[in-house]
Amino acid sequence: MKTIVIAAGYATRLGELTRNFPKPLLKIGEKSILDRMLADIDQIPDITEHIIISNHKFAPHFEAWKQSACYTKPITIVDDGTETNETRLGAVCDLLFALEKLQINDDLLVVAADNILFFSFQEFVDFAKAKQTSCIMCHEQPELAKLQRTGVVVLDDDNKVLNMEEKPAVPKSHWAVPPFYIYMQKDLDLIRHSVENGCGKDAPGNLAHYMVDHTTVHAWHMTAGRFDIGSLDTYKEACARF
């Protein structure tokens, strides 16, 4: 299983902090956001490689970070060639770009690079191995306004995803979906042809929604919370907390 870290975005809501520097490499305490995530993922025996997808503007920063990174699994930086927010490929197309460029044919742990987690990805990997299907995460979200800004799923008693909607005006459940996914090797052909068959390009949740409609997907219930570094305020809050 390979880790695919989607880190090609332009964090416009963090102002000058990320105008010329990638958000995943911002420090929270002594470690960067990315290092806090990889410190956990690197310990998972099933993981064989970490692949970081960057835009062209920030790729040199990730290459410099890689030189001093100390992980047991190899790191590959993929430059998607884009230099502005207006020309970005979008998360789904970035994943497709990496699949083609590196000729990947393996199970994938796909993660957004701007979160601090209070649980281990090992639990998620174990769940997917038990189900033997592609999997997403979910957590209970009681606030309607937040449900209307994310993916929302309906599950059966075995945690199989029956329905998924992106940013629904009227959510069908309280199960929100964060940007962490496991895609099985057997489903990679679906992913490779997803955009040409109508999948949205921008948000990583677009691909999860597409997969739910085309194959069996299960949802793992997060056992603890996460800290989403989505704005200058949440970044400052995280710095104060850690």
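The numbers here are math on the coordinates, done by the rules we state, and not lab data. The shown structure was predicted, so the numbers you read here are calculated from the model rather than taken from an experiment. Please note: Cβ atoms are built from the backbone with ideal geometry, for glycine as well, and neighbour counts cover all protein chains shown.
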Would you work out the relative contact order for the range 2-241, in percent, from Cα pairs under 8 angstrom that are 6 or more residues apart? 23
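Using 0.36 nm times the number of residues separating A240 and K73, minus their current alpha carbon distance, what extension gain do you get?
Result for the pair: 57.0 nm of gain on full extension.
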For I75, what is the net charge nearby, where nearby means another residue's Cβ is under 9 Å from its Cβ and Lys, Arg count +1, Asp, Glu -1? +1
Rounded to the nearest 0.05, what FRET efficiency do E86 and F119 have when you use their Cβ-Cβ distance and R0 = 51 Å? 0.90
Multiply the residue gap between N105 and E143 by 0.36 nm, knock off their C-alpha separation, and tell me the result in nm, one decimal place. 9.8 nm
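Based on the mean of other Cβ atoms within 10 Å per residue, sort peptides 24-32, 175-183 so the most packed one is first. Intermediate values should be presented prior to the final figure.
Details: 24-32: 16.6, 175-183: 23.8.
Descending mean neighbour count gives 175-183, 24-32.
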Estimated inter-spin distance, T223 and D202, nm [label 7 Å along Cα→Cβ]: 3.6
The size of the Cβ-based charge dipole (Lys, Arg +1; Asp, Glu -1) of the range 111-214 about the Cα centre, to the nearest 20 debye, is 120
Output the relative contact order of the range 177-242, whole-number percent, from Cα pairs under 8 angstrom with separation of 6+ residues. 22
Sorted by average packing, counted as other Cβ atoms within 10 angstrom per residue and highest first, what order do 106-118, 160-172 take? 106-118, 160-172
What size of dipole, in debye to the nearest 20, comes out for the chain about its Cα centre when the only charges are +1 on Lys and Arg C-beta atoms and -1 on Asp and Glu C-beta atoms? 480
So what's the net charge close to M164: Lys and Arg +1, Asp and Glu -1, counting the other residues with Cβ under 10 Å from its Cβ? -2
3J(HN,Hα) from dihedral phi, the range 167-173, Karplus parametrisation 6.51/-1.76/1.60, rounded to Hz, x for glycine, proline: 6, x, 5, 10, x, 8, 7
Which order do the peptides 202-210, 3-11 take when ranked by the mean count of other beta-carbon atoms within 10 Å per residue, highest first? 3-11, 202-210
Positive-end residue of M222, A113, I182, charge dipole of the range 2-241 with Cβ unit charges: A113
Once you've got the GNM for the chain with C-alpha springs shorter than 10 Å, pick whichever of L34, L144, L190 has the biggest mean-square fluctuation. L144
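What number comes out for the charge environment of F180, summing +1 per Lys or Arg and -1 per Asp or Glu over other residues with Cβ under 12 Å away?
Summing Lys and Arg as +1 and Asp and Glu as -1 gives -3.
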